[in-house]
Amino acid sequence: MGYNSFLYLGAFLPAVLVLYQLTPEKYRKYTLLAFSWTYFFLLSRFLVLYLILTSVFVYVLGLWMGRKKEGEPPKARKTRRARLATFGVLVLFGILLVVKYSRFVAGTINSIRIAHAMKPFDILKIAVPVGISYYTLEAAGYLLEVKWKRIKPERDFVKLALFLGFFPQTMEGPIARYQDTADQLVSGKDLQSEDLRDGSVRILWGLFKKMVIADRLNTLVATFYNYHANFSGAMTLTAGIAYTLQLYMDFSGTCDIIIGSAQLFGICLPENFRQPFFSQSASEFWRRWHISLGVWLKTYVFYPVSVSGLSMRWMKFSKERFGKYISRVGEAAIALFPVWLFNGIWHGPQWNYLVYGMYYFVLLLLETILEPAKTEFYRVLGLRKDALFFRVFRTVRTLCVIVLGEMFFRADGLRTGLSMVKSIFGAPQFSMLRDGTLLHMGLDPGDFAAILLGTVIVIIYDCLREKGIRPGELLQNKSAALRWSAYYALIFAVIIFGAYGPGYQQVDMIYAGF
């Protein structure tokens, strides 16, 4: 029951809204939690026990961390709190690693054993609960916030359990901090007409991006990646661009549905995208793409490593011997490496995800290394860094970096990714783009027209957002006739041009698999 399914949008979500409103205000948090766990049960059956036990574990550990023992010195209390937080985080990520990565590790070991003519051992199959990557990060973040005394341990179990298991966030996030959403989830306020309107429009906009553009592109992308060896470098580049567009429309569209679903209840979830393709550097791209994951990594990995003993010792050692520049580069490497290693591993048990993480580690470290040289280049030549030519150049360069990274991200293994890159720079054969090959990849001219028109509409929308204009608010200031014309246009666009029905199979949400 994906967020774009009729069962979710036409039955489950309306049922939750009706019963939520009928429930007395002080009991509405129980209604939300009951439906959240029910939704998780419908997705994963009895694997909902992972979520429930995680909630109980974090709740009890948080209370234990906040317990004040009579006569206990403040330093001893701080040490105990830190040890309990470390224990909790290790348990949470230990479970995640066993559940998601044990088969990958065992399979890698078996490959080595087979290569040395040794008998492979049996691999234990472990069911992976939907959403475990997301609620594990939220649970770990909660424990660390309690450790740092940014929040008090939560004594209301329902509030904490709802924070970890709120049903719109189950499969794809966004990953929230406890202090950002917990109070909203248990406020129990009445449904408001403005929230119902704005949430519904946000859901429709997400359906438009996913069903009209992303799900159509899936046919072309899947065909190419299944038979990539049969295509030229030009087709490889085209498929890389198509997948980058598909991933953005799928993930951002699903996030729109998620945020819109929460908005129906008056709950504001963190945004996950901010026009990422307008970025002028790799680091800016990651400030705009999957924002909630980036904020989590910055808060709970980057900053702690930056102020760790290892980082402090390096700074003291390197400044005395090598100067500020080398010291700064080394400090960046020490802090960035675990961030991007974690990023790659978090996405899943495949080598291409690890390469994807290291790819951005190298790029962001290069930005740090080259920053003084770039600044000097502009100064010596008397050039304006914000001139239109340089902004366009940096944007195009960053788009190339993004597409190359996503090619590895989608490729079935490191070897396949390298082979694809080699074909682009080896024998591009642009004739394949003109000889009708694209029309034999599951899409007809009508499909390409729908993709192109839909993409243009999204680009216009993102351009307005980039200029600080909110199209939704702009529309509210127009006449009722114009507003409802826009709403109906969006509804009929999804109904008429959405990729569903005969000839199409329902496409799973991409990031639900991470």
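The values are calculated or read from the model by the stated rules, or taken from the named source; none is laboratory data. What you see is a predicted model; the values in this text were computed from it and never measured. Neighbour counts are summed over all protein chains in view; Cβ atoms, including those assigned to glycine, are modelled from backbone coordinates with ideal geometry. Note: areas computed on protein heavy atoms with side chains; ligands, DNA, RNA excluded. Shrake-Rupley method; radii C 1.70, N 1.55, O 1.52, S 1.80 Å.
In table form, for the structure just shown:
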item: Distance (nanometres) between label positions extended 7 Å along Cα→Cβ at residue 72 and residue 486; result: 5.5 nm
item: Cα-centre dipole for segment 25-190 with unit charges at Cβ (Lys and Arg positive, Asp and Glu negative), debye to 20; result: 720 debye
item: Potential lengthening between residue 287 and residue 321 on full extension [0.36 nm per residue; Cα-Cα distance subtracted]; result: 8.9 nm
item: Using distinct alpha-carbon pairs, which all enter the 1/r mean, Kirkwood radius of segment 458-514 in Å; result: 14.1 Å
item: Accessible area of the chain belonging to carbon and sulfur atoms, whole % at 1.4 Å probe; result: 66 percent
item: 15 Å beta-carbon shell around residue 420, net charge (K/R +1, D/E -1); result: +1
item: Under 19 Å from residue 78, Cα to Cα: lysines that are on another chain or at least 8 residues apart; result: 68, 69, 147, 149, 152
item: Of 443, 351, 329, farthest towards positive along the dipole that unit charges on Lys, Arg, Asp, Glu beta carbons give segment 294-452; result: 329
item: Over the chain: Rg over Rh, Cα atoms, Kirkwood Rh; result: 0.98
item: At least 15 Å along the helix axis (C-alpha) and Kyte average at least 0.0, DSSP helices within the chain; result: 28-44, 48-66, 74-115, 132-147, 233-264, 324-347, 351-381, 388-410, 414-426, 445-466, 480-497
item: Qualifying lysines (Cα of each under 19 Å from Cα of residue 125; at least 8 residues distant if same chain); result: 100
item: Nearby lysines by direct alpha-carbon distance to residue 324 (threshold 29 angstrom, same-chain neighbours under 8 apart not counted); result: 298, 316, 374, 385
item: Ellipticity estimate at 222 nm from DSSP helix runs (n ≥ 4, -39,500 (n - 2.57)) divided over the chain, nearest 500; result: -22500 deg cm²/dmol
item: Full-extension gain in nm, residue 104 to residue 391, via 0.36 nm per residue minus C-alpha separation; result: 99.1 nm
item: P(r) tail fraction, segment 142-193 - alpha-carbon pairs more than 13 Å apart, %; result: 62 percent
item: Neighbour count of at most 10 Cβ within 10 Å plus DSSP loop: longest trypsin sites (Lys or Arg not before Pro)-free window in the chain; result: 126-383
item: Convex hull per residue volume in Å³, alpha carbons only, for segment 25-190; result: 141 Å³
item: Simple label model, 7 Å out from Cα along Cβ direction - residue 425 to residue 378, nm; result: 2.8 nm
item: Gap separating the Cα centres of segment 460-514 and segment 356-376, nearest whole Å; result: 36 Å
